[in-house]
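**Student:** One structure follows; several queries about it will come next.
Laboratory data are not the source of any read-out in this text; all were calculated from the coordinates shown. All figures in this text were calculated on a predicted structure; none of them were measured in a lab. As a convention, Cβ positions derive from the backbone with ideal geometry for all residues, glycine included, and neighbour counts pool all protein chains shown.
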Amino acid sequence: MDQNIQSVVEFPESKLERLKAKQRTIRNYFLSAPALIVLTIAASGPLFIMLFYSFLTADEWGGVVWQGSLQGWFEVFMRHDIFDGTLLPADAHLSIFWRSIKLSLVTTLLCIVFGFPTAYFIATRPRSQRSFWLFLVTVPFWTNLLIRTFAIMQILSHSGFVNKFLQSLGLIEEPLRLLYTETAVTIGMAYVYLPLMVLPLYATIERLDFSLLEAAYDLYASRLQVLRRVIIPLVKPGLVAGSILVFIPSIGAYVTPRLLGGGKSLMLGNLIELQFGQGRNWPLGAALSITLLVIVMVAMLFYVRSTSRSGVSHAH
Amino acid sequence: MHINFLKKRNRDRFNVEYVPSFPVLALICILCLYAPMVPLLFYSFNDSTLLTVWHGFSWQWYEAAWNNERVQEVTLRSLGLALQASVYSTILATMAALATTRVPKYRGQGLIYAVINQPIMVPEIVTAVALLIFFASIKAATGYQGTAYLVLAHTAFCIPFSYLPIRARLENMNLSLENAAADLYASPWRTFKRVTFPLLFPGILAGAMLAFVISLDDVVITEFVKTPGKDTLPTYMLGELRREVTPEINAISSVLFVVSILLVGMTFLISSKK
Amino acid sequence: MKQDSIAIKVEGVSKVYGKGESAFLALNNATLNILDNEFFTLLGPSGCGKTTLLRIIAGFENPTQGSILLHGEDISHLPPNLRSVNTVFQSYALFPHMTVAENISFGLEMLNKPKQEIKKTVSKMLSLVHMEELKDRHIDELSGGQQQRVALARALAPEPKVLLLDESLAALDYKLRKEMQIELKRLQHATGITFIFVTHDQEEALTMSDRIAVINEGKLLQVGTPHEIYNKPQDHFVASFVGDTNFLEISSASKSNNNDEVIFLNFNHDQILKVPCKKDMALNKSISIAIRPEKVSLIKDADSALLAGEIVDVSFFGTDTHYSIELDSSSGKAQSFHVRMQNASNQSKQYVAGERVGVIFNAEDIQVIDDSR
């Protein structure tokens, strides 16, 4: 009898079961392979090629010369003074870095300030109404970026709605210069990316246990205290997810700063594009792209750390 | 129970959900989401080339857009591209979802998720530039200049968008249904065909529609990967916006906006019929 | 008896949900007084309105009509965060993003108590519910019983005037429930705070309460001590909901005078029992009486008993034996009767199914049920 028990302990699964499990794993690898192959060829793989290119030399007419060089990376951060050749930081580039980060953070903040109440509002409607409000927020999300950016262009233009409105109230005489400023870019980005903040926030708030709010009120909390001490900490995962979803496209924005910022408010995306157009400096463009990617990954790191810290024993 | 959404206190009960200022901010926000579209729609009917001074009602810009050969060409190209991208990406995403959902942990799981979600996690401009470089070298090596690049690129970045709704639906499905089918002698393929697929279908449909819209809307990657001269609707519009803008753009935009409304409406109707 | 002061006065409280045709009357003109330092239970089946009443006292619902007074002050329309009343929720509603100690200190922080005082009170509460070592644990690391105790400590920390408990023992397993029942009684005595406890479990209500209010379909049926509720149910529902009861229709009854508060009930063989009743009790139809199964005995001699019948079923329950008896009926309608006899008395072993027996009981164990109210 002891021997039977021993054999059960040493071979817990039957051979057949292990074979079936192995077959299943192989099947799964095969099933997911096509998607992974396509993505590797047309999304992930090229990133490595780009990394490689950043270490090559620029060719005069665009493209690269197959010769190793750190020039691309150097030019990301530094430049030589044209007169005496001294080493100086590449202020044009650095100011663009700074602008991109700054505007993206402001955009994210704006999206939180307006997106959080919106998501909360929708999540606290009676169930029958929620689809309607979600529909209202989803439509802009599925509307072309260009259309929405164009709409903002029109509103902020010289004879656009904002100026006409302010003039009709008598607050200003001459139309304000709203377009082609950093403000316009920020407004444009916030307008375009707002649904990206609202939707994940909504998903989190919808799962909020409102009896916790009852408990807080029962324990003498004021409305503001409930917001600060109960609601916000509990929806933090949604806030972080929404912030990431807004920050990433913001910092890599290309169309919006192009149309709303004019030549004065270039962001990183425009700077990169320049190197593949008139700039004819592919290695620099590649290096700048990698830099952008690094900034994004740092932001993602914050995200991962904050969600794992606040949810020590929470299952996802 | 009736909830008065703007009042902080109603006579029936204590409004636990009310947060001061939130309803107002939310309504302002939703209003502002749609407000800019109003002048855009409005001026598409303008009887003049101006975009901000009303001259009278006219369909001329819609007619102009309709008859514009260039617009026809880019629209057809966009639609064809979106259709292909949506179909291919949905098929691949379905397979990937089946392989990665409801399975015990396996090696490389994190990596696989990273690859599948990469188009969402990486800014478009980075991918666009990387593809530009990559395809340029392939073009140089093979001389192939066709549309395959664009289809490939679109399929790739559409995959995560198809994947997410399918995966969500799959996770909510009860494994026991498929086990029951297997118990009744169904082979894996037949189980898929008769049990899994029909139940998964709303998710697949949602994924396909989302992928279609994402592809249709794409500007940045398309701009960098396209063959010069062969535009899609968004890249065409981008070009026009950088030049002299006429209400024709308003007309095209309005049409696209209405199409978005219809598509979103359809999606909501389908998912509510579940 | 010393006049105890009244903690909560419920005056004519009604609650209507919905409007027009779909309107639902959750509470119908409830009036009752709950005293200081009392363990008071609201007892009734699901959906009877007891939780509604509790939520009205807590402040989460407003009464459609009537008022609630706390130590004389009208709190009917005061928001919950301004009432000195705290609740232990059915799901405990513990804040998952805070530790045990932080949960307990929450109410005190909201009341802006000084830090030192908060620390002291939290320690006091932790030792009161025996949770000292777990003070820095997160909520999802606790068992159901531990969560229950944290919820209690959290609600007691701000020293409310009244503590409300909404079916808080419902989620616990049997043994833990029994322990917590004792624990709750102990806490109520230790703190002197009025506990208002909601449950559908009549056994729980009888064990723990100083007084019970039985509610059904929004109506307050009877308020009294466990003894009164059990032994002198005033109403068909109360009699059947609390414990097992036998209901009998006595077709033959009389009164000396119409205004007497005593009624004479006729049983077999000219045996008459004198039983108290309500002054204006009508005699035109048969009288309903209730009697508990354990107050009834069987005798072999069916002919000399108050009632007679045949044993249909015998069930052995360890400490006692239950008999199901079908009584002789002149009207042809079968009346079943349940008898519970303790096995210790040795009498019970004598009866078997199919046997014809007599049923006897005392007049003081009969409760006349007047359903005409």
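**Student:** If the cut-off is a Cα-Cα distance under 25 Å, which lysines reach residue B:230, setting aside same-chain residues fewer than 8 apart in sequence?
**Tutor:** The reachable lysines, counting only those whose Cα sits under 25 Å from residue B:230, are B:139.
**Student:** How charged is the neighbourhood of residue C:279? Take every other residue with its Cβ under 9 Å from the Cβ of residue C:279, and add Lys/Arg as +1 and Asp/Glu as -1. Walk me through the numbers before you get to the answer.
**Tutor:** Values: positive: C:278; negative: C:260, C:261, C:280.
For residues surrounding residue C:279, the net value is -2.
**Student:** What does the highest-first list of C:142-150, C:67-75 look like by mean Cβ count within 10 Å?
**Tutor:** Values: C:142-150: 19.0, C:67-75: 15.9.
Those peptides, ordered most packed to least, come out C:142-150, C:67-75.
**Student:** Then there is this: What are the ³J(HN,Hα) values, in whole Hz, obtained from phi via the Karplus relation 6.51 cos²θ - 1.76 cosθ + 1.60 with θ = phi - 60°, for each residue of segment A:115-121 in sequence order, with x given for Gly and Pro?
**Tutor:** Taking θ as phi minus 60°, the curve returns x, 5, x, 5, 4, 5, 4 Hz for segment A:115-121.
**Student:** While we're here: What ³J(HN,Hα) values, in whole Hz, does the Karplus curve 6.51 cos²θ - 1.76 cosθ + 1.60 give for segment C:266-275 when θ = phi - 60°, with x put for Gly and Pro?
**Tutor:** Once rounded to whole Hz, the list reads 9, 10, 4, 6, 6, 8, 10, 10, 9, 10.
**Student:** Continuing with this model, one more query. Ignoring GluC sites (Glu not before Pro) that are buried or in helix or strand per DSSP, and keeping those with at most 12 other beta carbon atoms within 10 Å, what is the longest stretch of chain A between them? Please list the in-between numbers first.
**Tutor:** Details: sites that count: A:13, A:60, A:173.
Within chain A, the longest run free of exposed GluC sites (Glu not before Pro) spans A:174-316.
**Student:** Take the Cα radius of gyration of segment B:1-115 and divide it by 2.2 N^0.38 Å, with N its residue count; two decimals is plenty.
**Tutor:** Values: Rg = 25.5 Å, N = 115, 2.2 N^0.38 = 13.4 Å.
Rounded to two decimals, the normalised Rg is 1.91.
**Student:** Would you give the gap between the C-alpha center of segment B:118-157 and the C-alpha center of segment A:81-107, rounded to a whole Å?
**Tutor:** Each part's Cα centre sits 29 Å from the other's.
**Student:** Still on this structure: Among B:260, B:215, B:137, whose mean-square fluctuation peaks in a Gaussian network model of chain B (Cα, cutoff 10 Å)?
**Tutor:** B:137
**Student:** Just the Cα atoms of segment B:64-271, one point each, no solvent: what log10 I(q)/I(0) does Debye give at q = 0.08, 0.11 Å⁻¹?
**Tutor:** At q = 0.08, 0.11 Å⁻¹ the computed log10 ratios are -0.35, -0.63.
**Student:** Using helices alone, what [θ] at 222 nm do you get for chain C, with -39,500 (n - 2.57) per DSSP H run of 4 or more residues, divided over all residues and rounded to the nearest 500?
**Tutor:** Numbers: 8 runs with 84 residues, N = 373.
After summing the helix terms and dividing by the residues of chain C, the value is -6500 deg cm²/dmol.
**Student:** Okay, next question. Kirkwood hydrodynamic radius of chain C from all distinct Cα pairs, in Å?
**Tutor:** On the way: mean 1/r = 0.0426 Å⁻¹.
Hydrodynamic radius (Kirkwood, Cα only) of chain C equals 23.5 Å.
**Student:** Starting from the amide H of residue C:320, placed 1.01 Å from N in the peptide plane, find each other amide H under 5 Å away whose residue is 5 or more places distant or on another chain.
**Tutor:** C:343
**Student:** Moving on to the next point. Count the net charge of all other residues whose Cβ sits under 14 Å from the Cβ of residue C:64, scoring Lys and Arg as +1 and Asp and Glu as -1. Display every interim value, and only then the final one.
**Tutor:** Numbers: positive: B:11, B:13, C:15, C:19, C:55; negative: B:12, C:11, C:61.
That sum, taken over residues with Cβ under 14 Å, equals +2.
**Student:** Compute the projected area of the convex hull of the Cα atoms of the protein assembly as shown, averaged over all viewing directions, and report it in nm² to one decimal place.
**Tutor:** Details: hull surface 242.9 nm².
Average of the hull's projected areas for the protein assembly as shown equals 60.7 nm².
**Student:** For chain B, what is the mean residue ellipticity at 222 nm derived from helices alone (per DSSP H run of n ≥ 4: -39500 (n - 2.57); sum divided by total residues; nearest 500 deg cm²/dmol)? Mind showing how you got there, number by number?
**Tutor:** On the way: 13 runs with 191 residues, N = 274.
Taken over chain B, the calculation gives -22500 deg cm²/dmol.
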